[in-house]
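Trainee: Handing you a structure now.
The values are calculated or read from the model by the stated rules, or taken from the named source; none is laboratory data. Predicted model only: the values in this text are computed from it and were never measured. For neighbour counting, all protein chains shown are included, and Cβ atoms are generated from backbone atoms with ideal geometry for every residue, glycine included. The area values use the complete protein model at the heavy-atom level, side chains included, leaving out ligands, DNA and RNA. Shrake-Rupley method; radii C 1.70, N 1.55, O 1.52, S 1.80 Å.
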Amino acid sequence: MPQRLHIALFDLDHTLLPIDSDYTWTTYTNAMGWTRPEEVEQQNEVFFAQYKAGTLDMNDYVRFVTQPVRDFSPQQLQATLQRYVQEYIVPHIRPEALELLAQHRAAGETLVMTTATNRLIGGAVGQHLGFAGDHILSTELQFRDDGRITGDVAGEPNLREGKVHNFGHWLAARGLGYADVHITFYSDSMNDLPLLEKADVPVATNPDDALRAVAQQRGWRVLDLFETIA
């Protein structure tokens, strides 16, 4: 029987980063004067409560976070993302996370990132962390013919059961199924429970209270990599 491919699978926000990259994105758009801080804060609180409750509609959320840059050309988007990553993400990248990634690379495992964050943000942050572009699974966006964002989600949002669906498609595109791989999956959130249950080694990483309780009940590894920031 052939040996299974070992995959180290990582969530992003509050798992590899101590922050929420979507929330930090709105901090950036506020600082640039593209959004109104009070309105954004109120809406963020609503969306975060929905996320914690497992009821977030990613279509609504994607329209919210992409609204300030929908008229940007591809060149403007690229410059905006570079500035965002350098000024708002890089200061929060922790050595503990980089060391964890390095350990799995050194073991010869295939590294994949899966995040509910949209492709615009998740792709830029994931590549900065060293993930190959085609090894980053995110909530995909629709683009107009001129390369501008429409504000709509393309395909299945990469959230809850959507992460299982999209990772399954990622495997199938490589001629693989869940039975062909050995998965170690790091995540902080109960929203990722469907995919954690598919993993051979689920690791509750900087977990929220609900996931910590599940992990302890089921005997899963709990990894407190660092303190997270809301």
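Trainee: On the given criteria, is residue 125 crowded, with 18+ Cβ neighbours inside 10 Å, assigned to a helix (DSSP H, G or I) and of a type in the set (A, V, I, L, M, F, W, C)?
Mentor: So residue 125 fits the description; yes.
Trainee: While we're on this one: Among the residues of the range 51-105, write down those that are surrounded by fewer than 19 Cβ atoms within 10 Å (Cβ to Cβ) and of a type in the set (S, T, N, Q).
Mentor: 55, 59, 67, 73, 75, 76, 78, 82, 86, 103
Trainee: Select from the range 1-54 the residues that are more than 20 Å from residue 158 (Cα to Cα) and among the acidic types (Asp, Glu) and list them in ascending order.
Mentor: 38, 39, 41, 45, listed by residue number.
Trainee: Here is a further query. Residue by residue through the range 188-209, note down the ones that are of a type in the set (Ser, Thr, Tyr) and in contact with a Pro (Cβ under 8 Å, 6 or more places away or on another chain).
Mentor: 189
Trainee: Run residue 6 past the list (1) over 17 Å from residue 65 (Cα atoms); (2) assigned to a helix (DSSP H, G or I) and report the number of the one that doesn't hold.
Mentor: Of everything listed in (1) over 17 Å from residue 65 (Cα atoms); (2) assigned to a helix (DSSP H, G or I), residue 6 misses just condition (2).
Trainee: Only residues that are crowded, with 17+ Cβ neighbours inside 10 Å and free of Cβ contacts under 8 Å to residues at least 40 places away in the same chain: list them for the range 106-122, please.
Mentor: Once the filter is applied, which keeps residues that are crowded, with 17+ Cβ neighbours inside 10 Å and free of Cβ contacts under 8 Å to residues at least 40 places away in the same chain, the range 106-122 yields only 119.
Trainee: Only one of (1) among the acidic types (Asp, Glu); (2) open to solvent by 30 Å² or more (accessible area, probe 1.4 Å); (3) more than 22 Å from residue 79 (Cα to Cα) fails for residue 188. Which number is that?
Mentor: (2) is the only condition that residue 188 fails.
Trainee: Also, I was wondering about something else. Mind listing whichever residues of the range 151-176 are in a helix (DSSP H, G or I) and of a type in the set (A, V, I, L, M, F, W, C)?
Mentor: 164, 167, 170, 171, 172, listed by residue number.
Trainee: Find all pairs meeting these conditions: Cβ atoms under 8 angstrom apart; at least six residues apart or on different chains; first residue within the range 203-230 and without any contact (Cβ under 8 Å) to a residue 40 or more places away in the chain; second residue polar (S, T, N, Q) and open to solvent by 60 Å² or more (accessible area, probe 1.4 Å).
Mentor: 222/216
Trainee: Which of the following residues is in contact with a strand residue (DSSP E or B) (Cβ under 9 Å, 6 or more places away or on another chain), among the small types (Gly, Ala, Ser) and closer than 27 Å to residue 194 by Cβ: 97, 124, 53, 49?
Mentor: Testing whether each residue is in contact with a strand residue (DSSP E or B) (Cβ under 9 Å, 6 or more places away or on another chain), among the small types (Gly, Ala, Ser) and closer than 27 Å to residue 194 by Cβ leaves just 97.
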